[in-house]
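Asker: Got a structure here, written out as structure tokens. Questions coming.
The values are calculated or read from the model by the stated rules, or taken from the named source; none is laboratory data. The structure presented is a predicted model; accordingly, all values stated were derived computationally and were not measured. As a convention, Cβ positions derive from the backbone with ideal geometry for all residues, glycine included, and neighbour counts pool all protein chains shown.
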Amino acid sequence: MIRTTPAALAALGRLAVALGLLASAVGGVGLVGWFGRPPESPVAAARLGPQEVQPAPVQPGSIAPPVEEPLPQPTPGTDPVRQWADQVATVVDIPARALVSYVNADLAMREHQPGCRISWATLAGIGRIESDHGRFGRRLLREDARPSSPIVGVPLNGAPGIREIPDTDRGALDGDVVHDRAVGPMQFIPSTWRRWATDGNGDGIGDPQNLDDAAMAAARYLCAGNRDMTTGAGWWSGVLSYNNSVEYGQKVFALAQTYAQAGNRLR
């Protein structure tokens, strides 16, 4: 369990900045496979996450999902984030431990990049589609924020509907020395993880299989280019940079809206 004391939260943010590989250019993120399209903005062809989510009837760039205010704030001797997460997990299908990862990423970004205003609910929407919050294939998300077994996507080998991406990490993250595969609960391609790798839990390691790290890296990625994720233009730009598919963005929107509303009802 993460203890979100003020010192721990500050350390989380400092480590996120210090250990992340800051980059000005934005590459694609969560990707099991790619459609044949420009390589700078990949779209998943075979997603790990469940696909029964109904897209929200909103147009790209029009509006952003609601943001929950205020978030639980750390106080000495308590873990209000986990207490809040345990509550919210009773009304939405998100493991409490995953909610802790998403909210801690949100809180750290509010401190270190406040102009972005990324919402935990948007991170949760992406995490739901990418890996069902680390539970893809009947896995469990453990208390160390890692799935019960590593999540590794299909080879990006040029099969029908999938763009070919030769190996970039010598199999270090995905176990494949021929082609890249997306890895972890937020489905980072190894080359993208190399740019945005982040230590979200203060253990000195940036691990894409750890949802604390992956959620923080995803938040930084979405906030690239000084985006304001509370505006329609900023939110859609960020989410479509993660996966350039309108339907994907509409599904993330629907999920983020549902999650934020659930959190607000519990206040």
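Asker: Only one of these is within 18 Å of the chain's Cα centre (by Cα) and on the phi < 0 side of the Ramachandran plot: 153, 134, 184. Name it.
Answerer: Being within 18 Å of the chain's Cα centre (by Cα) and on the phi < 0 side of the Ramachandran plot holds for just one of 153, 134, 184, which is 153.
Asker: Can you report the number of residues in the range 182-206 which are acidic (Asp, Glu) and either within 14 Å of residue 105 (Cα to Cα) or surrounded by 24 or more Cβ atoms within 10 Å (Cβ to Cβ) (or both)? Steps first, please.
Answerer: Step one: filter the range 182-206 for residues acidic (Asp, Glu), giving 199, 203.
Cutting the leftovers down to either within 14 Å of residue 105 (Cα to Cα) or surrounded by 24 or more Cβ atoms within 10 Å (Cβ to Cβ) (or both) gives us 199.
Looking only at that region, the number is 1.
Asker: Among the residues of the range 93-105, is there at least one that is surrounded by fewer than 19 Cβ atoms within 10 Å (Cβ to Cβ) and more than 17 Å from the chain's Cα centre (by Cα)?
Answerer: No, the conditions are met nowhere in the range 93-105.
Asker: When you check residue 206 against the structure, is it touching an Asp or Glu at 6+ places or on another chain (Cβ under 6 Å) and not hydrophobic (A, V, I, L, M, F, W, C), yes or no?
Answerer: Yes; evaluated as a whole, the condition is true for this residue.
Asker: Is it the case, given these coordinates, that residue 265 is surrounded by fewer than 24 Cβ atoms within 10 Å (Cβ to Cβ), farther than 26 Å from residue 156 by Cα and at pLDDT 95 or above?
Answerer: For residue 265, the condition - surrounded by fewer than 24 Cβ atoms within 10 Å (Cβ to Cβ), farther than 26 Å from residue 156 by Cα and at pLDDT 95 or above - is not met.
Asker: Starting from residues that are part of a helix (DSSP H, G or I) and in contact with a Cys (Cβ under 9 Å, 6 or more places away or on another chain), keep the ones in the range 225-267 and report whichever is nearest to residue 115 (Cα to Cα).
Answerer: In this case the residue turns out to be 226.
Asker: Write out, first by first residue and then by second, each pair whose Cβ atoms fall under 7 Å of each other, whose residues are 6+ apart or on separate chains, and whose first residue, in the range 219-234, is within 17 Å of residue 61 (Cβ to Cβ) while the second is in a helix (DSSP H, G or I) and among the hydrophobic types (A, V, I, L, M, F, W, C).
Answerer: Close Cβ pairs (under 7 Å, with a partner that is in a helix (DSSP H, G or I) and among the hydrophobic types (A, V, I, L, M, F, W, C)) amount to 229/222; 229/235.
Asker: Going through the range 207-256 one residue at a time, which ones are of a type in the set (Lys, Arg) and buried (at least 24 other Cβ atoms within 10 Å of the Cβ)?
Answerer: Result: 220, 251.
Asker: Follow-up question, since we're still on this one. Scan the range 188-206 for residues that are in contact (Cβ under 8 Å) with a residue 40 or more places away in the chain and in a loop (DSSP other than H, G, I, E, B) and jot them down.
Answerer: 189, 197, 198, 199, 200, 201, 202, 204, 206, listed by residue number.
Asker: Farther than 27 Å from residue 224 by Cα and either touching a residue at least 12 places away in the same chain (Cβ under 8 Å) or in contact with a helix residue (DSSP H, G or I) (Cβ under 7 Å, 6 or more places away or on another chain) (or both) - does that describe any residue in the range 166-175?
Answerer: yes
Asker: Of all residues in the range 138-164, which are in contact with a Ser or Thr (Cβ under 8 Å, 6 or more places away or on another chain) and of a type outside the set (Lys, Arg)?
Answerer: Residues of the range 138-164 in contact with a Ser or Thr (Cβ under 8 Å, 6 or more places away or on another chain): 139-142, 145, 147, 151.
Those that are in contact with a Ser or Thr (Cβ under 8 Å, 6 or more places away or on another chain) and of a type outside the set (Lys, Arg): 140, 141, 145, 147, 151.
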